[in-house]
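Novice: Below is a structure I'd like to ask you about.
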Amino acid sequence: MQTVYIISGPAGVGKSTTSSALVNTLKNSAYISGDDVSHMHVNGRQKPWESKSELSLIWNNILSLTQNFVLNGIDVVIDYVTFPDEAYWLKDKLKELTENVIYVVLWADHGNLLKRDQLRLPEHQMGERCLILIEEFKESRLKNKYLLDTSQKNTDAIHQVIKEIMNNRQYCLTD
């Protein structure tokens with residue numbers, strides 16, 4: 001049975017770095033960047049955090065891609081800001097294909113998050129949006145067991161983070 005990994009967290013926390021390392025660790029895997037899926041809609045696109053219909057379109061496209069990969073025996077790593085309701089929705093839509101849905105919300109304190117954001121290319125920096133997302137996660141129905149604090153970890157420790165994600169059953173999405 002294939003595994004679907006949802007790597008989430010606020011902007012700048014290291015989702016893409018972690019997702020890339022994870023997908024390269026797996027034997028037969030696919031990488032889905034929610035940001036790339038979002039930007040497939042070119043003309044008329046709205047910011048997903050400002051438009052429920054845009055966010056729904058993104059998630060339906062992520063679902064379709066995930067289903068296709070899982071049906072072909074491929075594990076999937078999804079890299080996107082994913083709140084609990086979206087993770088549970090995806091798990092429910094995949095229940096006929098797999099029960100192995102791992103949901104990890106990478107976390108960092110405000111200072112580290114802003115510092116990491118500053119290391120990104122200027123056109124990819126999110127600034128205040130990083131902190132807004134922290135508050136949105138706190139207001140969501142996020143269970144602490146899905147949090148993985150990376151405040152004290154740097155990219156040299158990525159193998160430890162991947163091992164934690166792959167081996168700790170607490171991240172397995174349950175009802």
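The values are calculated or read from the model by the stated rules, or taken from the named source; none is laboratory data. Since we're looking at a predicted model, the values are computed, not measured. We place every Cβ from the backbone using ideal geometry, glycine too, and count neighbours over all the protein chains shown. To get the accessible areas, we keep the full protein, side chains included, count just its heavy atoms, and leave off ligands, DNA and RNA. Shrake-Rupley method; radii C 1.70, N 1.55, O 1.52, S 1.80 Å.
Novice: Could you pull out every whole DSSP H run in the chain that spans at least 24 Å of Cα extent along its own axis and averages -0.5 or higher on the Kyte-Doolittle scale? Kindly include the intermediate steps, with their values, before the conclusion.
Specialist: Values: long enough: 52-71 (28 Å, 0.48).
Both cut-offs are met by 52-71.
Novice: GNM, the chain, Cα, under 10 Å: largest mean-square fluctuation among GLU86, GLU139, GLU164?
Specialist: GLU139
Novice: On a C-alpha basis, how far is the centre of region 3-48 from the centre of region 101-165 in Å? Whole number, if you could?
Specialist: Their Cα centres are 14 Å away from one another.
Novice: Sticking with this one: Convert 10 °C to kelvin, take the viscosity as 1.306 mPa s, use the Kirkwood radius over C-alpha pairs of region 1-98 as Rh, and evaluate the Stokes-Einstein diffusion coefficient in µm²/s, rounded to a whole number.
Specialist: 115 µm²/s
Novice: Now for a separate question. For the chain: lysine pairs with Cα atoms under 19 Å, gap of 8 or more or different chains, count?
Specialist: Number of lysine pairs found: 14.
Novice: With a 1.4 Å probe and every protein chain left in place, work out the accessible area per residue of region 51-175 in Å², rounded to a whole number. Can you show the working numbers first?
Specialist: Values: 6860 Å² over 125 residues.
With all protein chains present, region 51-175 gives 55 Å² per residue.
Novice: A further question on this structure: Run the accessible area of the chain with a 1.4 Å probe and give the carbon-and-sulfur part as a rounded percent. Numbers along the way, then the final one.
Specialist: Details: 4650 of 9430 Å².
Carbon-and-sulfur percentage of accessible area, whole number: 49.
Novice: How far apart, in nm, are two points set 7 Å out from the Cα along the Cα-to-Cβ line at ASP85 and at GLU99?
Specialist: Placing both labels 7 Å beyond Cα along the Cβ direction yields 2.7 nm.
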